[in-house]
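Heads up: the structure comes next, in structure tokens.
The values are calculated or read from the model by the stated rules, or taken from the named source; none is laboratory data. In this text the structure is predicted, and so the values were computed from the model without any measurement. No Cβ is skipped: glycine too gets one built from the backbone with ideal geometry, and neighbour counts run over all protein chains shown. Just the protein is used for accessible areas: all its heavy atoms, side chains included, with ligands, DNA and RNA removed. Shrake-Rupley method; radii C 1.70, N 1.55, O 1.52, S 1.80 Å.
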2 protein chains.
Amino acid sequence: MSLVLLTKYFHLRHLSNSSHAEIILLMNRCYNFSAGPANLPLEVLEQAQADLVDYQETGMSVMEMSHRGKTYMAIHQKAEKDLRLLMDISENYKVLFLQGGASTQFAAVPMNLFSSNRSADYVKTGAWSKKAIAEAKRYGTVRVIASSEDKNFNYIPSISADQYSANADYLHITSNNTIYGTCFANLPTGEVTLVCDMSSDILSKSYDVNKFGLIYAGSQKNIGPSGLTIVIVREDLLGRAMDITPTMLDYQTHANSGSMFNTPPCFSIYMAGLVFERMLSNGGIKSMEARNKEKAQLLYDFLDQSNLFSATVEGSSRSIMNIPFVTGRQDLDEQFISEAELNNLKTLKGHRSVGGMRASIYNAFPKKGVETLIDFMSEFENSNV
Amino acid sequence: MSLVLLTKYFHLRHLSNSSHAEIILLMNRCYNFSAGPANLPLEVLEQAQADLVDYQETGMSVMEMSHRGKTYMAIHQKAEKDLRLLMDISENYKVLFLQGGASTQFAAVPMNLFSSNRSADYVKTGAWSKKAIAEAKRYGTVRVIASSEDKNFNYIPSISADQYSANADYLHITSNNTIYGTCFANLPTGEVTLVCDMSSDILSKSYDVNKFGLIYAGSQKNIGPSGLTIVIVREDLLGRAMDITPTMLDYQTHANSGSMFNTPPCFSIYMAGLVFERMLSNGGIKSMEARNKEKAQLLYDFLDQSNLFSATVEGSSRSIMNIPFVTGRQDLDEQFISEAELNNLKTLKGHRSVGGMRASIYNAFPKKGVETLIDFMSEFENSNV
């Protein structure tokens with residue numbers, strides 16, 4: 001055992017009241033609070049590891065297979081089928097497996113959804129919606145109907161249907177704001193084509209897909225490795241892309257070909273498929289939502305009674321995925337982050353826009369990791385207040 | 001040992017004159033002639049397998065790491081550095097790690113390189129250059145200065161500088177044509193901004209990067225898993241994208257941020273890095289080129305003396321990466337493909353545009369596999385002529 005691992009062992013043994021056997025299991029894994037790319041389920045990684053050189057006696061890795069061959073096609077189609085089951089996606093929606101991240105969708109959305117009006121309403125709730133707004137403005141008229149910029153995006157502004165522009169082609173929201181740790185407690189209502197960047201809370205809780213015209217999400221938080229972008233789009237919104245739209249950014253291209261117009265990001269789709277399969281066998285989204293709420297509640301409850309730490313977001317705007325918190329003193333924040341790192345609690349540094357710490361506790365993040373964080377915060381508080 | 005594996009064992013033992021030990025090693029791997037995604041070096045897959053759950057005692061998979069963290073940043077920067085070494089890329093070129101495949105570049109190239117002329121010359125040598133031409137036409141004027149469509153693209157047309165349009169912003173070629181098995185023996189010469197789709201022969205032989213304005217390549221043949229697209233672009237060609245270019249398709253965006261404007265396809269880049277590292281330690285591109293030429297020559301020599309099989313491409317247009325061949329009888333082709341499959345020689349079916357068979361023998365395809373294919377073809381020929 002290396003010195004690094006030995007040190008890790010004693011830290012873990014001391015901190016988390018885990019048994020020797022639990023610690024040994026954990027030795028090769030840390031508690032990873034990364035905002036994305038983020039934690040994947042250990043069982044999924046182990047399955048990928050077992051399959052890596054020879055997938056199911058095919059004599060090749062999933063990474064080496066023709067995407068037109070029957071083995072990969074089965075993986076691809078099952079991933080779509082399982083995602084449809086998980087999110088209860090109706091037949092009048094297409095599910096697309098794309099590349100380029102949500103950032104590419106910031107252009108693809110207006111290019112595909114603008115009618116001759118070329119007009120859309122956006123809600124500004126953070127850095128990502130700002131980028132979405134800036135990109136859409138390049139292709140038409142954007143009206144920001146609500147914003148929380150006045151308080152550094154630490155809340156979700158209220159929205160009512162009478163704010164919508166009469167000629168808007170769609171209303172765009174970011175359901176969960178990774179950097180600021182906010183999320184929409186309720187979706188905007190009324191007659192509107194709702195478009196949602198769901199990158200950081202897709203699959204974390206129940207959403208009624210029928211309420212959306214289009215959902216898009218980068219994969220690297222709750223779905224799988226980076227390099228895959230999922231778009232779920234109502235069929236009547238297809239086929240009206242602006243003339244200037246690159247073929248690869250036109251949703252119709254991928255809807256027509258089952259996301260096989262060109263070589264898809266096969267390995268990322270395979271990994272996403274393993275994640276979907278595991279979620280289905282563990283009770284689907286309802287169970288995941290219950291576990292996520294329980295994990296988040298543990299941490300918020302601790303923060304709300306702490307004399308040292310406090311959450312930066314209040315009330316119904318609180319995200320169950322990303323929880324920023326601060327001590328109020330920069331030097332103490334830095335000390336906390338480096339001591340946490342030594343205790344196997346990694347990537348807790350907050351985004352520079354908020355400062356302090358941020359615990360991203362996506363679907364695959366274990367409850368035991370939240371408990372271990374809270375134990376460590378208690379100890380830190382006792383030593384530093 | 002399962003029945004499938006047992007059958008495989010006896011086929012291999014009979015066919016390839018390999019020892020028991022060699023066969024056991026090969027049992028879990030086939031000879032995979034896929035045109036892409038394609039073979040990866042076994043050592044690279046085994047390294048990825050070892051690293052998968054815990055990368056270098058970080059306690060996390062490469063797939064789970066923040067792309068802004070120092071561990072992933074080191075992987076990312078080393079991959080670029082090693083690619084620069086391998087291809088001897090000058091400092092006045094940017095190397096970009098992108099997403100979306102070569103198909104996305106079919107739009108990005110004209111969007112980025114068209115001046116106010118909006119005009120380019122293209123050479124039409126197959127299905128992919130046709131797609132590149134069609135997409136570029138949506139943004140400006142395209143003149144096809146040479147084509148081999150008259151003979152189902154089974155040769156590379158000759159090109160001379162006096163054919164170039166005076167006002168063309170660039171000349172576009174596809175260096176190797178995956179479907180038809182052709183490649184440019186010599187690059188076009190003269191004063192021209194040469195743009196090359198190098199998807200299926202990048203890193204297979206020496207190219208002088210300084211002769212190109214821009215090179216692009218999907219990763220899934222000689223680089224790594226699908227989901228990564230590499231662009232190598234001369235700096236003076238940056239910063240002149242058309243107004244309508246999506247931010248994510250503007251090369252300047254990624255050049256400014258070291259390909260970290262948004263979350264990159266981290267795992268594919270890590271895999272590509274492992275491939276680059278291994279190539280460097282095995283003598284770089286010169287050695288790879290020698291091995292590739294030797295492998296291809298073995299197969300062409302066999303085809304040229306065979307009474308049953310023949311190559312579909314002649315002379316200096318022959319690719320060393322993709323070698324289509326036919327028996328001249330469709331039923332025999334089909335019989336060959338299915339018997340080859342049983343003998344662990346997989347994905348030999350030719351593209352529907354050419355028919356027959358195609359052996360794609362990219363960098364990672366072993367010489368032993370070519371020898372085994374030739375042994376099998378000999379046996380098949382003896383039984384069927």
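Buried between B and A is an accessible area of approximately 5000 Å², summed over both sides with a 1.4 Å probe.
When chain B is treated as a Gaussian network with alpha carbon springs shorter than 10 Å, the biggest mean-square fluctuation among B:LEU274, B:LEU45, B:LEU113 belongs to B:LEU45. I need to check one value: relative contact order of chain A, counting alpha carbon pairs closer than 8 Å and at least 6 residues apart, in percent. About 23 percent, as a whole number. Subtracting the Cα-Cα distance of B:ALA50 and B:VAL385 from their residue separation scaled by 0.36 nm leaves 115.8 nm. Volume per residue of the convex hull around the Cα atoms, evaluated for the protein assembly as shown, comes out as 167 Å³. Think of the protein assembly as shown as having a plus end and a minus end, set by charges on the Cβ of Lys, Arg, Asp and Glu; of B:ALA50, A:PHE336, B:LEU228, B:LEU228 sits farthest toward the positive end of this dipole. In a reduced charge model with +1 at each Lys and Arg Cβ and -1 at each Asp and Glu Cβ, the protein assembly as shown shows a dipole moment near 640 debye about its Cα centre. Using a simple spin-label model with pseudo-atoms 7 Å out from Cα toward Cβ, B:LEU85 and B:VAL144 lie 4.3 nm apart. So how far apart, in nm, are the two label points at B:ALA127 and A:SER353 if each is 7 Å from Cα heading toward Cβ? Using points 7 Å along Cα→Cβ, the separation is 4.3 nm. Between A:TYR300, A:TYR55, A:TYR362, the GNM of chain A built on Cα springs shorter than 10 angstrom shows A:TYR55 fluctuating the most.
The mean count of C-beta atoms from other chains within 10 Å of the C-beta of residues in B:101-108, rounded to a whole number, is 5.
Neighbouring Cβ atoms from other chains, within 10 Å of the Cβ of residues in A:208-221, number 1 on average. Once the partner protein chains are put back, the stretch A:223-237 shows a loss of at least 10 square angstrom of accessible area, versus the chain by itself, at A:PRO225, A:SER226, A:GLY227 (probe 1.4 Å, ligands and nucleic acids excluded). Only lysine pairs 8 or more places apart, or on different chains, with alpha-carbon atoms under 24 angstrom apart are counted in the stretch B:55-281, and they number 27.
Tell me, rounded to the nearest percent, the portion of alpha carbon pairs in the stretch A:55-281 spaced more than 24 Å apart. Considering the stretch A:55-281, 43 percent of its Cα-Cα pairs are separated by more than 24 Å.
Label zone of A:ASP243 (point 7 Å out along Cα→Cβ, amide N under 15 Å): in the stretch B:123-156 this covers B:137-141. Summarising the strand pairing of chain B, around 55 percent of its internal DSSP beta bridges are antiparallel. Per residue of peptide B:69-76, the mean number of Cβ atoms on other chains within 10 Å of the residue Cβ is 1. Once neighbouring chains are kept in place and the probe is 1.4 Å, which whole percent of the accessible area of the protein assembly as shown is contributed by carbon and sulfur? The nonpolar share, carbon plus sulfur, comes to 49 percent.
Bridges between two residues of the stretch B:55-281, per DSSP, are antiparallel at a rate of about 45%.
For the listed peptides A:216-227, A:198-209, a ranking on the average number of other beta carbons within 10 Å per residue, highest first, reads A:216-227, A:198-209.
Magnitude of the Cβ-charge dipole of the stretch B:247-313, K/R +1 and D/E -1, about the Cα centre, nearest 20 debye?
With only Lys, Arg, Asp and Glu charged at Cβ, the dipole is about 140 debye.
Taking amide H atoms as placed 1.01 Å from N in the peptide plane, the amide H of B:HIS172 lies under 5 Å from those of B:ASP121, B:TYR122, B:VAL123, B:VAL195, each 5 or more residues away in sequence or on another chain. Taking all protein chains into account, the per residue accessible area for chain B stands at 38 Å² (1.4 Å probe).
For A:LYS368, the aspartates and glutamates whose Cα falls under 17 Å of its own Cα, not counting residues fewer than eight places away in the same chain, are A:GLU22, A:GLU43, A:GLU289, A:GLU294, A:ASP301, A:GLU341, A:GLU379.
Dividing the helix sum by the residues of chain B, where each DSSP H run of 4 or more adds -39500 (n - 2.57), gives a mean residue ellipticity at 222 nm of -12500 deg cm²/dmol. For the stretch A:55-281, the relative contact order comes to 28 percent (Cα pairs under 8 Å, sequence separation of at least 6). At q = 0.06, 0.07, 0.14, 0.15 Å⁻¹ the log10 of I(q)/I(0) for chain A amounts to -0.25, -0.34, -1.23, -1.35, computed by Debye summation with a single uniform scatterer per C-alpha, solvent ignored.
Does anything in the stretch A:114-134 have its amide N under 20 Å from the 7 Å Cα→Cβ label point of A:GLN163, and if so which residues? Inside the label zone: A:119-134.
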